[in-house]
């Protein structure tokens, strides 16, 4: 090799060694500076790592640069600085491109201006597409027939510069599982004990609307937040860092709503939303927390496909209400409606509009092929356009869930059992029952955990009930929806044939019909309870709920039970509730039941007045 080439090679090697030593020296200097400022202990760095008490909730090793980064924020900060100063790749795979939020914060805190230059084409393209300007907390309300969705759901929408919010993007966190394809018991157990991974996803907002509003028939509440553009950008930077990572999903705690709180706190570190929760995180409660932290500035309501179709049911004359469904099922021809001179123009318009809505609903439920859907949609839309403009569909905005009662309920009251005075005291951690005010809740839904009621009379303390789980979905049937009602309950109560508090379980099913004034239901409830042996029975119930007024409701139910050994038992219950304020309720209850004492049937009646407070 010529001497000149050797000289050039030596210079290159010396230069590389110098650069490496310089970068290591720079990294070390910044690490020492970071330690003196205790950056690894600062709230923002802890938020970037999703760390509580120095332990990260992220369970994916690819999220950390230090081998002990999950449990050592200081080492993770050092490793991040080393990686940023010693980039092995200068493209999308570089540390700076993978962790833009970390880089931006460390650069600001340490005054770094000599990071290695990299090209983050993928991140820059995504950021340009998102064009983040503001953020919205989105709450799809409860799904009437899905126990996994009765708590509702929350996710975030990143609003862009586009005028239409449908072109914005949604940030969602969900368990990596499909409850419709899993055994219900298996899904529930895994969801409770971290049997699934949870993942973040970034999807077009109109896709999420299609999923929740149209397919799952859930009304959508959008709570626009007062985060500024710089705060939203911090959120987006961190969302990029979470791309592809996973954490264990827990139904009650580290769930969809809880993981949205990390993002909001990172956007504005002065928020302390997670501190409102300890042993459970209910989606609607996270909206209440956002309201208490004063970050909600206004609200928008989007009606579900179910709400829209029910509105058309109220507008279409009874003699024509069958037409949209028969039209979609090809039992009626389009010209039979359009050319029928006996049908008023406005009614024709309503019928065709409802037909289009029901067509989209049927397609979302996989009731037809895409080709059939497109052909019918084109024909219906063309026919409706030919009828000209009509009255605008005016769907009244229902009560805002933000004004509904809180999740935890305490109960205090007094009453009489067989002429004896009785005091009552109770608590329920979550969440809502049919006797609570349904203001801001989906009608006919109930989901309770851990409901405990104690009674005290004649120097004796009794457990009146200790409910482990109670769920009800009393869904009213209508022309467009052949809804099925069901309910289940497991726990201890005193409704058995004897006077003891026995463990019982029941799974019931039936039907319900109603209007704006009230709804009625009939249910068959197979049940069992544990006495000296397992006792089984079949119960039949009739009930009515009058809830036309927002400040009060009346619940009446009568049940006849037939036991496996031939005994029969009649039970009746009447509850009158008054909503005194958002979080206080006055309740009067009368109950009647038959028991067997010394092989003789006796009748027992009780009444009580209780004051419920929700927080």
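For the structure I just gave you, tell me whether residue 129 is closer than 18 Å to residue 235 by Cβ, assigned to a helix (DSSP H, G or I) and either touching a helix residue (DSSP H, G or I) at 6+ places or on another chain (Cβ under 7 Å) or modelled with pLDDT of 95 or more (or both). Before you say what the answer is, go through the steps one by one.
Details: closer than 18 Å to residue 235 by Cβ: yes; assigned to a helix (DSSP H, G or I): yes; either touching a helix residue (DSSP H, G or I) at 6+ places or on another chain (Cβ under 7 Å) or modelled with pLDDT of 95 or more (or both): no.
Considered against the rule, which asks whether it is closer than 18 Å to residue 235 by Cβ, assigned to a helix (DSSP H, G or I) and either touching a helix residue (DSSP H, G or I) at 6+ places or on another chain (Cβ under 7 Å) or modelled with pLDDT of 95 or more (or both), residue 129 comes out as no.
More than 28 Å from residue 509 (Cα to Cα), exposed (fewer than 15 other Cβ atoms within 10 Å of the Cβ) and either touching a residue at least 24 places away in the same chain (Cβ under 8 Å) or not assigned by TED's automatic domain parsing to the domain that holds residue 453 (or both): does that describe residue 551?
Details: more than 28 Å from residue 509 (Cα to Cα): yes; exposed (fewer than 15 other Cβ atoms within 10 Å of the Cβ): yes; either touching a residue at least 24 places away in the same chain (Cβ under 8 Å) or not assigned by TED's automatic domain parsing to the domain that holds residue 453 (or both): yes.
Here the answer is yes, as residue 551 does meet what is asked.
Kindly establish whether residue 519 is in a strand (DSSP E or B), over 26 Å from residue 145 (Cα atoms) and touching a strand residue (DSSP E or B) at 6+ places or on another chain (Cβ under 9 Å). Criteria not met by residue 519. I'd like the full set of residues that are without any contact (Cβ under 8 Å) to a residue 60 or more places away in the chain and surrounded by fewer than 17 Cβ atoms within 10 Å (Cβ to Cβ), limited to the stretch 229-251. Once the filter is applied, which keeps residues that are without any contact (Cβ under 8 Å) to a residue 60 or more places away in the chain and surrounded by fewer than 17 Cβ atoms within 10 Å (Cβ to Cβ), the stretch 229-251 yields 230, 243.
Starting from residues that are touching a residue at least 24 places away in the same chain (Cβ under 8 Å) and surrounded by fewer than 17 Cβ atoms within 10 Å (Cβ to Cβ), keep the ones in the stretch 365-385 and report whichever is farthest from residue 212 (Cα to Cα). So the residue we want is 379. Checked across the stretch 598-613, the condition of being crowded, with 18+ Cβ neighbours inside 10 Å, under 21 Å from residue 540 (Cα atoms) and in contact with a strand residue (DSSP E or B) (Cβ under 7 Å, 6 or more places away or on another chain) holds for no residue. Within this structure, residue 553 passes the test of being touching a strand residue (DSSP E or B) at 6+ places or on another chain (Cβ under 7 Å) and under 28 Å from residue 307 (Cα atoms). Looking only at residues in the stretch 43-54 that are touching a residue at least 60 places away in the same chain (Cβ under 8 Å) and surrounded by 14 or more Cβ atoms within 10 Å (Cβ to Cβ), which one is nearest to residue 30 (Cα to Cα)? Checked the stretch 43-54; the qualifying residue nearest to residue 30 (Cα to Cα) is 45. Checked against (1) in contact (Cβ under 8 Å) with a residue 40 or more places away in the chain; (2) in a helix (DSSP H, G or I); (3) out of contact with any strand residue (DSSP E or B) (no Cβ under 9 Å at 6 or more places or on another chain), residue 399 passes all but a single condition, namely (2).
Selection of first residues in the stretch 412-425 that are in contact (Cβ under 8 Å) with a residue 24 or more places away in the chain and of second residues that are surrounded by fewer than 11 Cβ atoms within 10 Å (Cβ to Cβ), restricted to Cβ pairs under 8 Å at least 6 apart or on distinct chains, gives the following pairs, ordered by first then second residue: 420/458. The single residue among 88, 57, 76 that is in contact (Cβ under 8 Å) with a residue 60 or more places away in the chain and not assigned by TED's automatic domain parsing to the domain that holds residue 234 turns out to be 57. For the subset of the stretch 359-372 comprising residues that are under 22 Å from residue 303 (Cα atoms) and assigned to a helix (DSSP H, G or I), which member is farthest from the chain's Cα centre (by Cα)? It comes out as 359.
For the stretch 522-538, does any single residue satisfy the condition of being touching a residue at least 60 places away in the same chain (Cβ under 8 Å) and not in a loop (DSSP other than H, G, I, E, B)? No. Among the candidates 317, 298, the residue that is surrounded by fewer than 22 Cβ atoms within 10 Å (Cβ to Cβ) and in contact with a strand residue (DSSP E or B) (Cβ under 6 Å, 6 or more places away or on another chain) is uniquely 298. Kindly indicate the residue of the stretch 95-153 that is free of Cβ contacts under 8 Å to residues at least 60 places away in the same chain and on the phi > 0 side of the Ramachandran plot and also surrounded by the most Cβ atoms within 10 Å (Cβ to Cβ) among those meeting that condition. Checking each candidate, the answer is 131.
Just to check your reading of the model, which residue among 356, 351 is in a helix (DSSP H, G or I), under 32 Å from the mean Cα position of the chain (by Cα) and outside the structural domain of residue 210 (by TED's automatic domain parsing)? Reasoning before the result, please.
Working: 351 fails: under 32 Å from the mean Cα position of the chain (by Cα).
Answer to the selection: 356.
Does any residue of the stretch 447-458 turn out to be in the same structural domain as residue 569 (by TED's automatic domain parsing), touching a residue at least 60 places away in the same chain (Cβ under 8 Å), surrounded by fewer than 17 Cβ atoms within 10 Å (Cβ to Cβ) and part of a loop (DSSP other than H, G, I, E, B)? The answer is no, given that none of the residues of the stretch 447-458 is in the same structural domain as residue 569 (by TED's automatic domain parsing), touching a residue at least 60 places away in the same chain (Cβ under 8 Å), surrounded by fewer than 17 Cβ atoms within 10 Å (Cβ to Cβ) and part of a loop (DSSP other than H, G, I, E, B).
Restrict the check to the stretch 422-435 and report whether at least one residue is part of a helix (DSSP H, G or I) and surrounded by fewer than 19 Cβ atoms within 10 Å (Cβ to Cβ). Talk me through it step by step, then tell me what you get.
Start the filter on the stretch 422-435 by keeping residues that are part of a helix (DSSP H, G or I), which leaves none.
No: the stretch 422-435 contains no residue that is part of a helix (DSSP H, G or I) and surrounded by fewer than 19 Cβ atoms within 10 Å (Cβ to Cβ).
Per the conditions (1) without any contact (Cβ under 8 Å) to a residue 60 or more places away in the chain; (2) under 25 Å from the mean Cα position of the chain (by Cα); (3) within 29 Å of residue 325 (Cβ to Cβ), the sole criterion not satisfied by residue 469 is (3).
The values are calculated or read from the model by the stated rules, or taken from the named source; none is laboratory data. The shown structure was predicted, so the numbers you read here are calculated from the model rather than taken from an experiment. Glycine also receives a Cβ, built like all others from the backbone with ideal geometry; neighbour counts cover every protein chain displayed.
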